[in-house]
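Remarks on the structure that follows.
Each value in this text was obtained by applying a stated rule to the coordinates, not by laboratory testing. None of these values were measured; they are calculated from a predicted model. Neighbour counts are summed over all protein chains in view; Cβ atoms, including those assigned to glycine, are modelled from backbone coordinates with ideal geometry.
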Amino acid sequence: MFIDTLTEREYKSGLAEAIKAGCIMDRELFDLIENNKMGVEKRDKDIVAEIIKRSQKVKIRVVKEDEEEAGIRAILNFGHTLGHSIEKLKKWRISHGFAVAAGMGFATYLSYSKGFISKDDMMKILNLLKFMGYKLFYPIDFSSLHKVIVMDKKRKDKLVEWVLLKEIGNAVYGIKLDMDYIFTELRNYERFVK
């Protein structure tokens with residue numbers, strides 16, 4: 001199987017996208033990854049094949065439902081609002097998957113702080129990301145982050161649109177949050193995950 005040819009960084013970058021797919025639309029996929037963490041770490045071919053298949057189904061379903069990118073397709077951006085900013089601010093030394101994993105961690109924390117997701121689901125996601133070797137927080141300069149986020153395509157007026165979770169496997173998109181709130185919660189998140 002091709003996964004044997006991937007570096008650890010490439011494999012983990014792809015795995016982050018699979019975890020995202022489970023978080024946004026497929027609880028069973030998330031549970032498959034969580035319940036088979038050791039097999040996923042060891043690249044068990046049967047487990048990884050099932051993860052890839054289920055991840056593809058999520059993406060295909062979302063794209064078919066929203067070919068014009070006018071609605072539900074936005075859920076594919078879960079973790080990307082902060083993730084893209086991390087990539088840019090770290091001058092692309094952090095791979096897309098690792099940056100998005102950190103972004104998913106923060107978006108999950110935001111989901112909890114806004115009352116969307118249970119603490120139990122939040123901790124399951126954060127613990128899985130941590131177990132799989134992703135950093136949950138990258139130190140970044142907040143003034144630089146502000147400049148990058150306000151240039152983001154997901155910004156509407158002075159608000160930034162986020163994809164948050166109601167529960168594992170159920171995302172909500174178009175949640176508009178102001179930058180002051182984001183920075184307050186980012187500081188809280190940094191303390192929470194340390």
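GluC sites (Glu not before Pro), restricted to region 1-104: which are DSSP loop and have at most 15 other Cβ atoms within 10 Å?
On the way: sites: Glu8, Glu10, Glu17, Glu28, Glu34, Glu41, Glu50, Glu65, Glu67, Glu68, Glu69, Glu87; in loops: Glu67, Glu68, Glu69.
For GluC sites (Glu not before Pro) across region 1-104 that sit outside H, G, I, E and B with at most 15 neighbouring Cβ atoms in 10 Å, the list reads Glu67, Glu68, Glu69.
What FRET efficiency comes out for the pair Asp4/Trp92, r = Cβ-Cβ distance, R0 = 30 Å, nearest 0.05? Could the numbers behind the result be given before it?
Working: r = 26 Å, r/R0 = 0.87.
Computed FRET efficiency for Asp4 and Trp92: 0.70.
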Exercise. Once every DSSP H run of n ≥ 4 in the chain is given -39500 (n - 2.57) and the sum is divided by its residues, what mean residue ellipticity at 222 nm do you get, rounded to the nearest 500 deg cm²/dmol?
Worked result: -19500 deg cm²/dmol
Problem set entry | Projected label distance in nm at Ala49 and Arg61, using a 7 Å step from Cα toward the beta-carbon | 2.2 nm
Exercise. What full-extension length gain, to one decimal in nm, is calculated for Lys135 and Thr184 as 0.36 nm per residue of separation minus the Cα-Cα distance?
Worked result: 15.7 nm
Exercise. What share of Cα pairs, in percent, lie more than 13 angstrom apart in region 103-151?
Worked result: 62 percent
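Roughly how many debye, to the nearest 20, is the charge dipole of the chain about its Cα centre, given +1 on each Lys and Arg Cβ, -1 on each Asp and Glu Cβ, and no other charges?
On the way: 35 positive and 29 negative charges, 100 e Å.
Value, rounded to 20: 480 debye.
Give, in whole angstrom and from largest to smallest, the semi-axes √(5λ) of the equivalent ellipsoid of the chain, with λ running over the eigenvalues of the Cα gyration tensor.
Numbers: eigenvalues 130, 69, 53 Å².
Taking √(5λ) for each Cα gyration eigenvalue gives 26, 19, 16 Å.
For Lys158 and Asn127, what does the FRET efficiency come to when R0 = 45 Å and r is the distance between their Cβ atoms, rounded to the nearest 0.05? If you can, show how the numbers build up before the last one.
Numbers: r = 34 Å, r/R0 = 0.76.
The pair Lys158/Asn127 has a calculated efficiency of 0.85.
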For this session: Could you list the residues of region 117-140 with an amide nitrogen less than 16 Å from a label point located 7 Å from the Cα of Glu41 in the Cα-to-C-beta direction?
Result: 127-135
